[in-house]
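For reference, the structure is listed below as structure tokens.
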Amino acid sequence: MADESKMMFVRPNTCHDCGNGFYALQHARDYATNLGWNALDFSEELARQQSVFDGLDGNDPLFLYGFGHGNASLYSGQGEPPEIIFTTNQCDKLNNRLIYLLSCLTAIALGPAIIEAGALAYAGFNISWSWIIDPSNPDGTGGDPYEDLYAISMYDSANELWYAVSDGDAFNTAVQRSIDKYTEWIDYWFYENPGAPYSQQCIGILAANRDSLVALYNCEGLEEPLCHTVGCEWTGTECLNPPSANGNGGIPILLAISLITIIGITFFAVQK
Amino acid sequence: METFSSEKKQHLIERIEQRIAQGQMAPVHTLGGRSYTTDQLIDEIKRGTSAGDDLLYQEKKLEDELNRLRQRG
């Protein structure tokens with residue numbers, strides 16, 4: 001089993017517009033370190049494929065939080081163009097781990113591939129995760145987003161998932177905390193700072209980011225303590241995927257549709 | 001992601017153009033590795049690119065959230 005005391009942070013800084021995310025994950029790393037976690041910081045030149053693979057092999061962390069550019073089938077790290085780290089065909093090293101990728105679009109194909117490769121849980125986004133900064137900010141996208149009036153709302157919402165994991169929350173609870181944090185920031189822009197020039201744009205981006213967060217789980221066969229860590233459902237004898245698995249309630253919706261269909265057919269038959 | 005009728009798309013574009021005219025749209029950055037100035041935002045939408053679709057989606061989400069918040073009072 002992977003080492004439950006270790007978290008890996010992957011945070012490149014030389015890819016296009018990556019400075020903000022680099023510093024954002026520094027906040028998440030510091031939060032975890034202050035809580036006593038063994039935080040493995042794969043930043044700057046360490047945010048490359050071979051370093052990350054070696055780090056996973058050598059340290060075997062249970063948790064990984066990666067920031068960087070991505071698309072449906074890959075996640076990338078340092079450099080411009082950025083160096084590819086994980087792809088749908090090369091993500092086996094993530095098996096038995098809990099993964100969060102703050103990146104674009106990976107929930108479409110890479111996330112499912114990561115679960116297929118044996119990861120316990122994955123969270124990521126199925127659209128292009130977006131943010132804005134104050135155009136007058138002299139640091140632009142190279143600085144700490146927590147010091148930018150607008151960018152803090154997007155990055156703090158995204159980081160909330162990892163603050164929750166660091167607090168010891170189950171992964172599905174952490175996903176919900178992040179969703180709730182996006183909504184808190186939406187409320188902030190509506191109720192507390194509606195006069196800021198880009199407040200409405202922030203609301204749209206926060207809502208789009210929030211509603212594109214997808215969580216996938218792989219609970220089968222887990223023993224009880226790890227079952228709870230992942231946020232799966234422990235029945236007393238076995239570990240099941242949480243009711244809201246896949247982040248969109250797909251299974252409950254299918255069940256509801258099936259039930260409605262059965263009731264409809266039964267009602268129709270009785271009427272005849 | 002949602003797809004929009006041509007009427008709905010036009011409505012969302014007009015809202016974006018209105019906010020650009022009022023100086024209420026900042027350049028957008030994405031973790032897909034692209035950034036868009038306000039001029040490029042409209043261009044991407046009109047060309048029907050995936051980036052344009054993302055921007056329309058954000059605008060629709062803004063509309064939904066404003067409705068939710070106004071109903072709450």
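A:E44 meets the conditions (1) farther than 24 Å from A:N126 by Cα; (2) touching a Lys or Arg at 6+ places or on another chain (Cβ under 9 Å); (3) surrounded by 17 or more Cβ atoms within 10 Å (Cβ to Cβ) in every case but one. The failed one is (3). For region B:1-22, filtering for residues that are touching a helix residue (DSSP H, G or I) at 6+ places or on another chain (Cβ under 9 Å) and facing chain A (nearest Cβ under 9 Å) leaves 2. All conditions in (1) facing another protein chain (nearest Cβ under 9 Å); (2) surrounded by 19 or more Cβ atoms within 10 Å (Cβ to Cβ) hold for B:E44, with the sole exception of (1).
Can you tell me which residues in region A:30-51 are under 25 Å from A:Y146 (Cβ atoms) and part of a helix (DSSP H, G or I)?
Scanning region A:30-51 gives A:D30, A:Y31, A:A32, A:T33, A:N34, A:E44, A:E45, A:L46.
Restricting attention to region A:56-85 and to residues that are of a type in the set (G, A, S) and over 20 Å from A:A123 (Cβ atoms), the residue that is surrounded by the fewest Cβ atoms within 10 Å (Cβ to Cβ) turns out to be A:G58. I need the full set of residues from region A:69-97 which are in contact with a strand residue (DSSP E or B) (Cβ under 7 Å, 6 or more places away or on another chain) and hydroxyl-bearing (S, T, Y), in order please. Passing the criteria: A:S73, A:Y75, A:S76, A:T87.
The number of residues in region A:135-175 that are touching a residue at least 12 places away in the same chain (Cβ under 8 Å), part of a helix (DSSP H, G or I) and at negative phi comes to 24. Does region A:109-126 include one or more residues that are farther than 28 Å from A:L222 by Cβ and either facing chain B (nearest Cβ under 10 Å) or not in a loop (DSSP other than H, G, I, E, B) (or both)? Within region A:109-126, not a single residue is farther than 28 Å from A:L222 by Cβ and either facing chain B (nearest Cβ under 10 Å) or not in a loop (DSSP other than H, G, I, E, B) (or both).
Every condition in (1) of a type outside the set (A, V, I, L, M); (2) part of a loop (DSSP other than H, G, I, E, B); (3) more than 30 Å from B:L55 (Cα to Cα); (4) in contact with a Leu (Cβ under 8 Å, 6 or more places away or on another chain) is met by A:K93 except one, and the failing one is (2).
Among the listed residues B:S50, B:S35, which satisfies the condition of being surrounded by fewer than 19 Cβ atoms within 10 Å (Cβ to Cβ), within 10 Å of chain A (Cβ to nearest Cβ) and touching a His at 6+ places or on another chain (Cβ under 8 Å)? Please lay out each step first, then the result.
Values: B:S50 fails: touching a His at 6+ places or on another chain (Cβ under 8 Å).
From the options B:S50, B:S35, the qualifying one is B:S35.
Of the residues that sit in region A:18-36 and are aromatic (F, W, Y) and over 16 Å from the mean Cα position of the chain (by Cα), which one is farthest from A:G143 (Cα to Cα)? Out of the qualifying residues, it is A:Y31.
Among the residues of region A:85-106, is there at least one that is modelled with pLDDT of 95 or more and closer than 30 Å to B:G73 by Cβ? Taking every residue of region A:85-106 in turn, none turns out to be modelled with pLDDT of 95 or more and closer than 30 Å to B:G73 by Cβ.
Just to be sure, is A:L101 buried (at least 17 other Cβ atoms within 10 Å of the Cβ) and more than 25 Å from A:W37 (Cα to Cα)? Judged against the criteria, A:L101 is not a match. For region A:132-150, does any single residue satisfy the condition of being in contact with a Gly (Cβ under 7 Å, 6 or more places away or on another chain) and away from every other protein chain (no Cβ under 14 Å)? Taking every residue of region A:132-150 in turn, none turns out to be in contact with a Gly (Cβ under 7 Å, 6 or more places away or on another chain) and away from every other protein chain (no Cβ under 14 Å).
Condition check for B:L69 on (1) within 9 Å of another protein chain (Cβ to nearest Cβ); (2) in contact with a Phe, Trp or Tyr (Cβ under 7 Å, 6 or more places away or on another chain); (3) surrounded by 19 or more Cβ atoms within 10 Å (Cβ to Cβ): one failure, at (3). Among the residues of region A:167-197, the one identified as surrounded by 22 or more Cβ atoms within 10 Å (Cβ to Cβ) and at the interface with chain B (Cβ under 8 Å from one of its Cβ atoms) is A:I186.
As a summary of the residue check, A:F9 satisfies the conditions (1) closer than 22 Å to A:M154 by Cα; (2) away from every other protein chain (no Cβ under 14 Å); (3) part of a helix (DSSP H, G or I) except for the one numbered (3).
The values are calculated or read from the model by the stated rules, or taken from the named source; none is laboratory data. No experiment lies behind these values; they were computed from the predicted model shown. So basically every Cβ, Gly included, is an ideal-geometry build from the backbone, and we count neighbours across all protein chains shown.
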